[in-house]
Amino acid sequence: MKRIRIGSGLSRLLAPLGLAAALASAPAAQAAEDLVLGGSIPLSGVFAFAGQGIHAGITDYVKLVNEQGGVNGRKLRYVPEDTAYKVDASVAAFKKITSQNKVNFYYGDSTGFSKTINAELNRSADILMTGASFATELNDPAKYPAQFMLGPDYTEMFGILLRYIAKEQPGAKVAFVYSDTEFGRDPIASSRAVAEKLGLKVATEIMTPPGSVDVSTEVIKLRRADPDYTIFHGYVLAPIPEFVGQGKRMGLKTRYMGTFWTMDNSTVMQMGEDAEGFMGVMPYRYYYDTEGDAPMLKKIREMRPQYQSTGYMQGFLAAMLFTEAARRTLDAGKELTAANMKAALDSIKDFDTGGLIGVPITIKGNSIPVGRIYRADVKRKQMVPASDWIVLK
C-alpha cells in the first residue's frame, strides 16, 4: 500500500512500532477534560455477536490513544450501555449517558436508533455520531449533518458488487434476494437502475421474512430465473444456508454473494462445505490478513491473538475516525462542536488507516464508498480476496 501521512493520531499510536515519533517532543499537556465517547452497544440480544466485537474494537483503540497521551493531551473516555439492539433501550442509554457526561462522540447500534435520535443530535449540536448502520438514507449530510458511516452505504455495497459482476461477466443475469425489512429493502430499487446502467439483467427479485428457514418455494423461483449471480441482503445468516444448500442440490450454478453483516469469516464458515466460493463485499481487511503494509492489523493481532470479527474492525475504525476528527478540530483551534468535527472529518483525503482498509480513504458525503470482494476458501477456512479494492467515484 502506498505510504501516506498516517492520520488519526495514528503516527503517535504507532510510535512503539517505530513508524513515528510519538509525543516525546510535544510540550507538556495541561490538564483538560476528557473526550467522551458514548455508545448504545448491543452486548446482549440477537446482535450480541456484533456488539461484543464493536465494544472490544472501541475499547482497544481508546486504550491505544490514551497510552500515547490522548488527543492533544486530552484522554478518551468510553462510556457504553447495553441496549440488546432495541431502539427504546438505545434512546434510554443515550439520554442516560448524555445526562451524566459531556459527550463528544456517540456510537449507535441500529438504523432505527440513528433515525430516531437525529433530531436530538441536531438540537444539541455538540455530538458527532456513527454506528452500525449503513442505511442509504443516512448518507445525506443535509438531513443527517452530525452523522457518518464506517464504510459504503447499502446501495453503494450493491454498486461495488454489481461493478465486480459487470467486469467478471459482462451482461450477466443477477438475482436480488432480500428480507422483508427496512434493512432488506433499502438498496433494492436504486440497484435495479445501477444494474441496468452496467449492462446487467435483474432476472428476479425474491423477498422473504427475516430469518426464515422454509425457502423451498423461493429456491424454485431462483432456479427458474437461473441467474449467474445471486446477491443476498438484509440477513446475517438464515436463510442464506438454506438457499445455497437447496440450490446446489438442484444443480443451480449461480454464484452467491452477501453484504457486510453476512460477511464475518465465522458467519460464512457456518455454512460448512456449502460456503465454498461464497462471495461478498467487505470495507475492511480481515483480522488474519498479512498482505502488504498493515501495521494497525499487526498491532491488533498483538493485542488480541484470537480472531476478531468484522464488528471489531468497525468499532476500532469508529474510534479512530472520532479521534482524527477531534485532533484536526483542536489543531485548528476550533471548538469541538458537531459541525466543526464533521467539517474536520470531511477534510479527510487519502487517509491511511494503518491497513484496516487496504487503500487510503476519503470521506464522501456521509460514507466511505470503498470495498473489496472476498471469496470463501473452505479448506483454509478463510475469506480471501477475489478483487482489488473498488472505490466508487
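Yes/no matrix, rows are residues, columns are (1) under 28 Å from Tyr307 (Cα atoms); (2) modelled with pLDDT of 95 or more; (3) surrounded by fewer than 16 Cβ atoms within 10 Å (Cβ to Cβ):
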{"position": "Arg12", "(1), (2), (3)": "yes, no, no"}
{"position": "Leu17", "(1), (2), (3)": "yes, no, yes"}
{"position": "Leu43", "(1), (2), (3)": "yes, yes, no"}
{"position": "Gly70", "(1), (2), (3)": "yes, yes, no"}
- Message: It is to be established whether one or more residues within the range 217-228 are among the β-branched types (Val, Ile, Thr), outside any strand (DSSP E or B) and touching a Pro at 6+ places or on another chain (Cβ under 8 Å).
- Response: no
- Message: Against the conditions (1) closer than 20 Å to Met149 by Cβ; (2) crowded, with 18+ Cβ neighbours inside 10 Å; (3) aliphatic (A, V, I, L, M), where does Ala119 fall short? Just the number, please.
- Response: (2)
- Checked Ile357, Ile368 against criteria (surrounded by 23 or more Cβ atoms within 10 Å (Cβ to Cβ), modelled with pLDDT of 95 or more and closer than 22 Å to Ala142 by Cβ); the one match is Ile368
- Message: I'd like the full set of residues that are assigned to a helix (DSSP H, G or I), within 14 Å of the chain's Cα centre (by Cα) and either closer than 24 Å to Lys102 by Cα or of a type outside the set (Ser, Thr, Tyr) (or both), limited to the range 122-151.
- Response: Leu138
- Message: Which count do you get for residues in the range 72-119 that are in contact with a strand residue (DSSP E or B) (Cβ under 6 Å, 6 or more places away or on another chain) and among the β-branched types (Val, Ile, Thr)?
- Response: 4
- Task: Could you please tell me which pairs satisfy a Cβ distance under 6 Å, a separation of 6+ or placement on different chains, a first residue in the range 49-70 that is in a helix (DSSP H, G or I), and a second residue that is at pLDDT below 95?
- Result: Leu64/Leu13
- Note on the structure: Counting only helices (runs of 4 or more DSSP H) wholly inside the range 232-332, the ones holding at least 2 residues that are more than 30 Å from Gly73 (Cα to Cα) are 240-249, 265-269
- Query: List pairs: first in the range 176-202 and on the phi < 0 side of the Ramachandran plot and in contact (Cβ under 8 Å) with a residue 40 or more places away in the chain, second open to solvent by less than 40 Å² (accessible area, probe 1.4 Å) and of a type in the set (Lys, Arg), Cβ under 8 Å, 6+ apart or cross-chain?
  - Reply: none
- Just one of Ala193, Ala189, Ala166 is in a helix (DSSP H, G or I), within 25 Å of the chain's Cα centre (by Cα), hydrophobic (A, V, I, L, M, F, W, C) and within 27 Å of Thr130 (Cα to Cα); which is it? Ala189
- Item | Subset of the range 71-117 [closer than 22 Å to Thr136 by Cβ, without any contact (Cβ under 8 Å) to a residue 60 or more places away in the chain and hydrophobic (A, V, I, L, M, F, W, C)] | Val87, Ile117
- Query: Of (1) open to solvent by less than 30 Å² (accessible area, probe 1.4 Å); (2) touching a residue at least 40 places away in the same chain (Cβ under 8 Å), Asp226 satisfies all except one. Which?
  - Reply: (1)
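On the basis of being under 28 Å from Val79 (Cα atoms) and open to solvent by 20 Å² or more (accessible area, probe 1.4 Å), does Lys201 make the cut?
For Lys201, the condition - under 28 Å from Val79 (Cα atoms) and open to solvent by 20 Å² or more (accessible area, probe 1.4 Å) - is not met.
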- Query: For the range 333-350, which residues satisfy the criterion of being part of a loop (DSSP other than H, G, I, E, B), open to solvent by less than 50 Å² (accessible area, probe 1.4 Å) and not β-branched (Val, Ile, Thr)?
  - Reply: Leu336
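Looking at the range 239-258, which of its residues are within 18 Å of Asp377 (Cβ to Cβ) and either open to solvent by 30 Å² or more (accessible area, probe 1.4 Å) or modelled with pLDDT under 95 (or both)?
Selection gives Pro241, Lys248, Arg255.
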- If we ask which residues in the range 125-145 are free of Cβ contacts under 8 Å to residues at least 40 places away in the same chain and surrounded by fewer than 21 Cβ atoms within 10 Å (Cβ to Cβ), their number turns out to be 2
- Task: Give the range 208-223 a look and list any residue that's of a type in the set (Gly, Ala, Ser) and open to solvent by 40 Å² or more (accessible area, probe 1.4 Å), or say none.
- Result: Gly211, Ser216
- Checked against (1) open to solvent by less than 40 Å² (accessible area, probe 1.4 Å); (2) of a type outside the set (Ser, Thr, Tyr); (3) within 17 Å of Thr353 (Cβ to Cβ), Gly277 satisfies every condition except (3)
- Item | Scan of the range 46-68 for residues that are among the β-branched types (Val, Ile, Thr) and modelled with pLDDT under 95, ordered by number | Val46
- Task: Could you grab me the full set of residues in the range 82-116 that are among the aliphatic types (A, V, I, L, M) and surrounded by 22 or more Cβ atoms within 10 Å (Cβ to Cβ)?
- Result: Ala93, Val103
- Message: under 21 Å from the mean Cα position of the chain (by Cα) and either in contact (Cβ under 8 Å) with a residue 12 or more places away in the chain or more than 22 Å from Arg185 (Cβ to Cβ) (or both): which single residue out of Thr259, Thr254 fits that description?
- Response: Thr259
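The values are calculated or read from the model by the stated rules, or taken from the named source; none is laboratory data. Predicted model only: the values in this text are computed from it and were never measured. Cβ: placed from backbone, ideal geometry, glycine included. Neighbour counts: every protein chain shown. The accessibility values were calculated without ligands, DNA or RNA, using every heavy atom of the protein model including side chains. Shrake-Rupley method; radii C 1.70, N 1.55, O 1.52, S 1.80 Å.
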